[in-house]
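To start, the structure itself, in structure tokens.
What follows draws every value from the coordinates through simple rules; no lab data is involved. Keep in mind the model is a prediction, meaning the values are calculated, not measured. Every residue, glycine among them, receives a Cβ derived from its backbone with ideal geometry; neighbour counts consider all protein chains shown.
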């Protein structure tokens, strides 16, 4: 698996003085924390992205629909490593995710791949997220290319859902997270 991940993403050792990159980070605060890392980091780093999903939460006895992180401990930070390191040292619940089998080599995602994932998620009103172990072969459908619309040029596989009228394209960051975003059937071309 790690061989595939190294080919897909630039998960190599990152020089300290290198330019900004998308780092894969961990937030070890509790899920009900008032200041999770994605809120705390706003203004401290260039960009922060965490996949959000809608959830109904009881507030003062009433149900309220709020956006919460899909995986509380997963977030992506775009900045230089020399800017992130002091924050990691200062905040004990904020950490890099490291590559397996290496000594303190942080995981990074290529900028083009991260932008593609974020654009697909932001274009969808209700993206569905899946962790790598939730994706089964039965869920993965035909290979397609999107022609036109906001996701023009995207290639991937359709999600198979029994009895569903909506078509969803699976957009993934291998080994990290997969998003299923809704696509209009007229934009779909089989590959």
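Separation of segment 137-172 and segment 44-66 by C-alpha centroid, Å? So the two Cα centres are separated by 26 Å. Note on segment 80-171: Kirkwood radius taken over Cα pairs, Stokes-Einstein applied at 10 °C and 1.306 mPa s, translational D equal to 97 µm² s⁻¹.
Only Cα sites of segment 2-109 enter the Debye sum here, all with the same form factor; the resulting log10 I(q)/I(0) across q = 0.18, 0.19, 0.24 1/Å is -0.91, -0.99, -1.39, listed in q order. The simple spin-label model puts a point 7 Å past each Cα toward its Cβ; for residue 31 and residue 119 those points are separated by 3.3 nm. In this structure, residue 66 and residue 103 have a Cβ-Cβ separation that, at R0 = 35 Å, corresponds to a calculated FRET efficiency of about 0.35. Rounded to the nearest 10 degrees, the angle from helix 81-90 to the longest Cα principal axis of the chain is 70 degrees. Let me test this: with uniform point scatterers at the alpha carbons of the chain, what is the Debye-based log₁₀ I(q)/I(0) at q = 0.09, 0.15 1/Å? Listed by q, the Debye log ratios stand at -0.38, -1.00. If the segment from residue 90 to residue 166 were pulled out straight at 0.36 nm per residue, it would be longer than the present Cα-Cα gap by 22.8 nm.
Between 61, 156, 141, the Gaussian network model of the chain with springs among Cα atoms under 10 angstrom shows the greatest mean-square fluctuation at 61.
Shape analysis of segment 56-116 places it in the prolate category; the axes a ≥ b ≥ c from the Cα gyration tensor give an a/c of at least 1.5, with a/b above b/c. Springs join every pair of Cα atoms under 10 Å in this Gaussian network model of the chain, and among 55, 160, 128 the largest mean-square fluctuation is at 55.
For the pair residue 131 and residue 58, what calculated FRET efficiency results from E = 1/(1 + (r/R0)^6), where r is the Cβ-Cβ distance and R0 = 22 Å, to the nearest 0.05?
On the way: r = 26 Å, r/R0 = 1.17.
Once rounded, the FRET efficiency stands at 0.30.
Using a cutoff of 8 angstrom between alpha carbon atoms and counting only pairs six or more residues apart, the relative contact order for the chain works out to 21 percent. Relative to the longest principal axis of the Cα atoms of the chain, helix 111-123 runs at roughly 60 degrees.
Can you tell me the relative contact order of segment 16-67? Whole percent, Cα pairs under 8 Å, sequence separation 6 or more. Show your work: numbers first, answer last.
Numbers: 27 pairs, mean separation 9.4, N = 52.
That works out to 18 percent.
Please compute one quarter of the surface area of the Cα convex hull for segment 118-190 and express it in square nanometres.
On the way: hull surface 18.7 nm².
Taking the Cα atoms of segment 118-190, their convex hull projects to 4.7 nm² on average.
For segment 109-184, averaging the sequence separation of C-alpha pairs within contact (under 8 Å, six or more residues apart) and dividing by the residue count gives a relative contact order of 34 percent.
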